[in-house]
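Visitor: Sending over a structure as structure tokens; questions will come in a sec.
The values are calculated or read from the model by the stated rules, or taken from the named source; none is laboratory data. Remember, it's a predicted structure, so these values are computed and weren't measured experimentally. Cβ placement follows ideal geometry from the backbone for every residue including glycine, while neighbour counts extend to all protein chains displayed.
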Amino acid sequence: MSWKEVAEAFRTSWDSVYRAVGLAVAWGLANRNLGGIEAIGVDEVLWHRGHKYLTVVYQIDGHCRHLLWAGKFLDRWCTKVMRSRIEPMKKMARTICGHRELILNWFEAEGTISAGIVEGLNNKLKVTIRRAYGYKHFKTTEIALYHALGRLPKPNFTHRFL
């Protein structure tokens, strides 16, 4: 169900559903276990018009396939450095930005992982982004992605919803 449909079913506002999902995602991110990861997939997907890309990292080893990280850290860092007055750092940022794809694909899968796994997860990601059409802020899209693809741990509740 979309967040709008959930809001209608529970006779509440979309904002209330958004806040509840945001709290659940924040709890899940704070309590997830990232130990034992042996293989990752890194890709870049278009998340918004105007060439706005999102770097995603998936865990793809064994039977565990889910979103680990969605972020634009490298882009933010390069942007901040380019606004500074420290020329050696600016030179480094230009070099990093020029080799961005290679940096993000630095790992070797040693022939054990097919790119099909990452492409399959990207399809799920794109469906989530399509359902999130109209979200004005990246944070909302990020919460929707973690909610749909993160396989985050869930807190124990006193009530059980069916």
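Visitor: Could you tell me whether the stretch 138-147 includes any residue that is of a type in the set (A, V, I, L, M), closer than 15 Å to Gln59 by Cα and at pLDDT 80 or above?
Guide: yes
Visitor: Here's a follow-up. Quick check on my filter: what residues within the stretch 91-135 are among the small types (Gly, Ala, Ser), under 17 Å from Tyr58 (Cβ atoms) and at pLDDT 65 or above?
Guide: Those that are among the small types (Gly, Ala, Ser), under 17 Å from Tyr58 (Cβ atoms) and at pLDDT 65 or above: Ala115, Gly116, Gly120.
Visitor: Out of the residues in the stretch 53-87 that are of a type in the set (Phe, Trp, Tyr), out of contact with any helix residue (DSSP H, G or I) (no Cβ under 6 Å at 6 or more places or on another chain) and in a strand (DSSP E or B), state the one that is modelled with the highest pLDDT.
Guide: Tyr53
Visitor: Moving on. How many residues does the stretch 29-51 contain that are part of a helix (DSSP H, G or I) and either of a type in the set (Phe, Trp, Tyr) or within 24 Å of Leu74 (Cα to Cα) (or both)?
Guide: Final tally of qualifying residues: 2.
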